[in-house]
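Notes for the one structure printed next.
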Amino acid sequence: MHTISSSVRRATTLDGPAAAVGAMKGGWPMGVDYEFYVRGRLGPEMQHALADLHPQVRADYTRLCADGIDQASLHGILGRLRDLALEVDSVRRTDGGTTC
């Protein structure tokens, strides 16, 4: 039987899945980088709403990126894109290989 406290303790240790989130610095996992591709060209208002994701508008899609985020932030961004009714074509983990 698992208790809440033992589940919380397991989730916060650094020897399991939490350690795989990213590189370790100071004993805590660092975030990772992601690229998001949404269909269509975002207009100026939508670009302003997503300015923290550094929108780069292309011919038929818009690239967004986020540096050093954790899983909670990743889900938050996906929720924002959903709430804005944007069609997400793909999400790619870049492991620091992208420049926003």
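The values are calculated or read from the model by the stated rules, or taken from the named source; none is laboratory data. On a predicted model such as this, the values are computed, not experimentally measured, just so you know. Please note: Cβ atoms are built from the backbone with ideal geometry, for glycine as well, and neighbour counts cover all protein chains shown. Accessible surface areas use protein heavy atoms only, side chains included; no ligands, DNA or RNA. Shrake-Rupley method; radii C 1.70, N 1.55, O 1.52, S 1.80 Å.
For the stretch 68-100, which residues satisfy the criterion of being open to solvent by 70 Å² or more (accessible area, probe 1.4 Å), more than 19 Å from Ala49 (Cβ to Cβ) and not in a loop (DSSP other than H, G, I, E, B)?
Within the stretch 68-100, Gln71, Ala72, Arg92, Arg93 meet the criteria.
Examine the stretch 56-67 for a residue that is in contact with an Asp or Glu (Cβ under 7 Å, 6 or more places away or on another chain) and surrounded by fewer than 16 Cβ atoms within 10 Å (Cβ to Cβ), and state whether such a residue exists.
Yes.
Could you figure out which of (1) surrounded by 14 or more Cβ atoms within 10 Å (Cβ to Cβ); (2) at pLDDT below 95 isn't true of Leu53?
(2)
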